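*Asks:* The structure that follows is given in the form of structure tokens.
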Amino acid sequence: MRVGVDLGGTKIEAVALDGSGREVFRKRVPTPRGDYQGTLKAIGSLVAEAGEGTVGIGIPGALSRVTGLVKNANSTWLIGKALKEDIQREINRPVRIENDANCFTLSEAVDGAGKGAEVVFGVILGTGVGGGIAVRGKVLTGPNGIAGEWGHNPLPLPTAEDLPLPPCYCGRAGCIETYLSGPGLSRDHEALTGRKLEAEEVVKHEKTMLRYAERLARALAGVINVLDPDVIVLGGGMSNVARLYTDVPRLWTRSVFSDHVATRLARNAHGDSSGVRGAAWLWDPPR
Ligand SMILES: [Zn+2]
């Protein structure tokens, strides 16, 4: 059995998958926010309930290759902790830990929208913008633990409509995330119309969504020019916007350095379950 745990900012979810990917256990509990020991205990009891097997964990951050400690986590009580060692001690089993966007990408590469593809770029368009890369069914982590993290690259080729560059929490301005996250879409709609709406409402507005699709096309063209993936799979709340799958591939052709763009843009197959499934597949996924 392969046990996967998705450690999120608001909930911790666990699944157990059999060898064919069938789900035999699933449970979610609220995250003990701000409570590190409580977080370890919650993971420990979920894993015990899920049963025997390998354990993979997706986290909202990364393990530093230098120190082994958690970095880049928006669940700030995890930062600087020896999460891997502490969980291993708690559950008395070896664990593998990966960034949650990487787990999403792995899940979609193994048995989702990117199944059978050699190179998959997974994109999270949600509260933030994240990404991950899977090559031949394996996550690419990178020596800095940030492979695929395109959200804090600058939006390519800014036009007058993109100015002034929106400030980003990372300390820079004009990051892709400031335009393409849910809150970024809200902010842009307000800049365009003077009306403040949640992202779920903004998606009905033609003009704002065309700006969004055009920016997403520019941002993904930058990824295609570097990585040339077979498939780009969208996840997160914005991945539910159906028009993106026709608008964006139509718009990205002008920014991709190729006469023809064979890369597919696909909606995720596993929805909210992709993170936890990918965590399970950190150990020997089916090929
Ligand atoms: Zn940034």
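*Asks:* 222 nm [θ] for the chain, helices only, -39500 (n - 2.57) per DSSP H run of 4+, per residue, to 500? All intermediate terms of the calculation are to be shown ahead of the outcome.
*Replies:* Numbers: 9 runs with 95 residues, N = 287.
Computed ellipticity for the chain at 222 nm equals -10000 deg cm²/dmol.
*Asks:* Let me ask something else about it. Any idea what angle helix 100-111 forms with the longest principal axis of the chain, computed on alpha-carbon atoms, 0 to 90 degrees, nearest 10?
*Replies:* 90 degrees
*Asks:* Return one number: the angle in degrees, 0 to 90 and rounded to the nearest 10, between the long axis of the Cα atoms of helix 206-227 and the longest principal axis of the Cα atoms of the chain.
*Replies:* Approximately 60 degrees, to the nearest 10.
*Asks:* Using 0.36 nm per residue of separation minus the Cα-Cα distance, give me the extension gain between LEU165 and GLU190 in nm, one decimal. Walk me through the intermediate numbers first.
*Replies:* Details: separation 25, 0.36 × 25 = 9.00 nm, distance 1.47 nm.
Roughly 7.5 nm would be gained on extension.
*Asks:* Does the range 1-156 come out rounded, prolate or oblate by the C-alpha gyration tensor, with a ≥ b ≥ c the root eigenvalues, rounded set by a/c under 1.5 and, if not, prolate when a/b is larger than b/c and oblate if not?
*Replies:* Details: a/c = 1.71, a/b = 1.16, b/c = 1.47.
In terms of gyration-tensor shape, oblate.
*Asks:* Could you tell me the relative contact order of the chain? Use alpha-carbon pairs under 8 Å, at least six residues apart, and round to a whole percent. Don't skip to the end; give the middle numbers.
*Replies:* Working: 612 pairs, mean separation 62.0, N = 287.
Here the relative contact order equals 22 percent.
*Asks:* Can you send over the solvent-accessible area of TRP283, 1.4 Å probe, protein chains only, in Å² to the nearest 10?
*Replies:* My reading of the accessible area for TRP283 is about 40 Å².
*Asks:* Could you calculate the FRET efficiency of PHE25 with GLN88 from 1/(1 + (r/R0)^6), where r is the beta carbon distance between them and R0 is 22 Å, rounded to 0.05? Write down the numbers at each step before the final one.
*Replies:* Working: r = 21 Å, r/R0 = 0.94.
The pair PHE25/GLN88 has a calculated efficiency of 0.60.
*Asks:* At 7 Å along Cα-to-Cβ for each site, give me the label-to-label distance between SER64 and LYS204 in nm.
*Replies:* About 4.8 nm separates the two model spin labels.
*Asks:* Let a ≥ b ≥ c be the square roots of the eigenvalues of the Cα gyration tensor of the range 109-177; is it rounded (a/c under 1.5), or, if not, prolate (a/b larger than b/c) or oblate?
*Replies:* On the way: a/c = 2.87, a/b = 2.12, b/c = 1.35.
Verdict is prolate for the range 109-177.
*Asks:* Here's another thing I want to ask about it. Using a 7 Å offset from the Cα along the Cα-to-Cβ direction at both LEU157 and ASP228, what is the distance between the two label points in nm, to one decimal?
*Replies:* Distance between the two pseudo-spin positions: 2.0 nm.
*Asks:* Whose amide H sits under 5 Å from the amide H of GLY114, counting only residues 5 or more places off or on another chain, with H placed in the peptide plane?
*Replies:* Result for GLY114 returns ALA109.
*Asks:* Here is a further query. Using modelled amide H (1.01 Å from N, peptide plane; none on Pro or chain starts), what sits under 5 Å from the amide H of LYS81, excluding residues fewer than 5 places away?
*Replies:* VAL70
*Asks:* Here's something else I'd like to know. How large is ³J(HN,Hα) for each residue in the range 162-177, as worked out from phi by the Karplus curve 6.51 cos²θ - 1.76 cosθ + 1.60 (θ = phi - 60°), to whole Hz, x for Gly and Pro?
*Replies:* The phi angles translate into 8, 9, x, 4, x, x, 10, 5, 6, x, 9, 9, x, 5, 3, 4 Hz.
*Asks:* Would you mind computing, in nm to one decimal, how far apart the modelled labels at LEU197 and TYR36 are, each placed 7 Å from Cα along Cα→Cβ?
*Replies:* Result: 4.4 nm between the two label points.
*Asks:* Another question, then. When the solvent-accessible surface of protein heavy atoms is calculated with a 1.4 angstrom probe, in what order do ASP272, ASP162, ASP228 fall, highest first?
*Replies:* Details: ASP272 130, ASP162 5, ASP228 105 Å².
Final ranking, largest accessible area leading: ASP272, ASP228, ASP162.
*Asks:* Same structure, new question: What are the residues whose amide H is under 5 Å from the amide H of ALA73, where those residues sit 5 or more places off or on another chain and H is modelled from the backbone?
*Replies:* Amide H neighbours of ALA73: ALA62.
*Asks:* A further question on this structure: At 1.4 Å probe size, with every protein chain present, just tell me what the per residue accessible area of the range 1-150 comes to in Å². Walk me through the numbers before you get to the answer.
*Replies:* Numbers: 6320 Å² over 150 residues.
Per-residue value: 42 Å².
*Asks:* Here's something else I'd like to know. Over the range 203-287, what percent of the accessible surface lies on carbon and sulfur atoms, probe 1.4 Å? Walk me through the numbers on the way to the answer.
*Replies:* Working: 2020 of 3950 Å².
C and S atoms contribute 51 percent here.
*Asks:* Calculate how steeply helix 182-193 sits against the longest principal axis of the alpha-carbon atoms of the chain, using the helix alpha-carbon long axis, and give the answer as 0 to 90 degrees to the nearest 10.
*Replies:* Roughly 20 degrees, rounded to the nearest 10.
*Asks:* Quick one: work out the % antiparallel among DSSP beta bridges in the chain, nearest 5. If you can, show how the numbers build up before the last one.
*Replies:* Values: 26 of 45 bridges.
In the chain, DSSP labels about 60 percent of beta bridges as antiparallel.
*Asks:* On to the next question. So how do SER20, SER258, SER239 rank on accessible area, 1.4 Å probe, biggest first, that is with the largest at the start?
*Replies:* On the way: SER20 95, SER258 55, SER239 0 Å².
These residues rank, largest area first, as SER20, SER258, SER239.
*Asks:* What does the charge add up to near GLU190, with Lys and Arg as +1, Asp and Glu as -1, over the other residues with Cβ less than 12 Å from its Cβ?
*Replies:* Values: positive: ARG187, ARG195, LYS196; negative: ASP188, GLU198, GLU201.
Every neighbour counted, the sum reads 0.
*Asks:* Moving to a separate point now. Once you sort the root eigenvalues of the Cα gyration tensor of the chain as a ≥ b ≥ c, which label holds: rounded (a/c under 1.5), prolate (a/b larger than b/c) or oblate (the other case)?
*Replies:* Values: a/c = 1.93, a/b = 1.54, b/c = 1.25.
Here the chain falls in the prolate category.
The values are calculated or read from the model by the stated rules, or taken from the named source; none is laboratory data. What you see is a predicted model, and the numbers here were worked out from it, not measured in a lab. Please note: Cβ atoms are built from the backbone with ideal geometry, for glycine as well, and neighbour counts cover all protein chains shown. Accessible surface areas use protein heavy atoms only, side chains included; no ligands, DNA or RNA. Shrake-Rupley method; radii C 1.70, N 1.55, O 1.52, S 1.80 Å.
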